[in-house]
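Report on one structure; see the data block that follows.
The values are calculated or read from the model by the stated rules, or taken from the named source; none is laboratory data. Here the structure is a predicted model, which is why all the values come from computation and not from measurement. Neighbour counts are summed over all protein chains in view; Cβ atoms, including those assigned to glycine, are modelled from backbone coordinates with ideal geometry. Note: areas computed on protein heavy atoms with side chains; ligands, DNA, RNA excluded. Shrake-Rupley method; radii C 1.70, N 1.55, O 1.52, S 1.80 Å.
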Amino acid sequence: MTKIGIVVGSTRPGRRGRAVAEWVAEVAAREQPATGFEIIDLADFGLPLLDEPHPPASGLYGNAHTVRWAEAIAGYDGFVFVTPEYNHSIPGALKNALDFVYAEWHDKAAGFVGYGLLGATRAVEHLRLILAELKVATVRSQVALSLHHDFTFSAPTEPGDLTPAPHQHAALTALLNDVVAWSRALEPIRQGVPA
């Protein structure tokens, strides 16, 4: 079975990302029942700032938290990254998590669900560049959730409730279809099968 990890890219208390990831998982279970989707919450891993003495490309991971993270990432065929936009880019916790390991990301597919004032479109553009260096194939389809139209809250400091507009369901379904198809298409490369 193809396994897709839904990465919650923010660890901030009061974040909206976990609710967005749960929505992605709910839609995925309905639209792609033959695929295994699991939430990967960075907050559950407690990664410190990159503290490995060797570059991640060496594959020489010395810390238990790095080994645990590497094993988690290695177990997936593709990813859906759920990210807010912080100062026109991705959260530091997400960048740090990406930098911790190297080969475990290779030859997998990824899609993006961004959320923010402008749907985190600038953060997603940065994330695409980072993932290209990690040999992750990113799909064109993406979801851009607006804090103005896809969330309901009484104050901006509250997480509020995710209330995605109807068109967001179609966008998410297209994204999931693409990520699953690309993840399956890249399987021979991950398995080392010659073309």
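Taking R0 as 25 Å, what FRET efficiency do you get between residue 60 and residue 106 from their Cβ-Cβ distance, rounded to the nearest 0.05? E(calc), rounded to 0.05, equals 0.90.
The residues 141, 154, sorted by heavy-atom accessible surface at 1.4 Å with ligands and nucleic acids left out, run 154, 141 from largest to smallest. In this simple spin-label approximation, residue 129 and residue 71 carry label points 7 Å from Cα along the Cα→Cβ vector, and these lie 3.5 nm apart. Computed with a 1.4 Å probe over protein heavy atoms only, the accessible surface of region 108-195 comes to 52 Å² per residue.
Here region 62-76 and region 82-101 have alpha carbon centers that stand 18 Å from each other. Here, the chain yields an orientationally averaged convex hull projection of 10.8 nm² when only Cα atoms define the hull. Each residue, residue 12 and residue 157, gets one label point 7 Å from its Cα in the Cβ direction; the gap between the two is 1.3 nm. Peptides 75-85, 120-130, 45-55 ranked from most to least packed, by the mean per-residue count of other Cβ atoms within 10 Å: 75-85, 120-130, 45-55. Taking region 70-108 and a reference point 7 angstrom along Cα→Cβ of residue 193, the backbone N atoms nearer than 17 Å belong to 77-78, 107-108.
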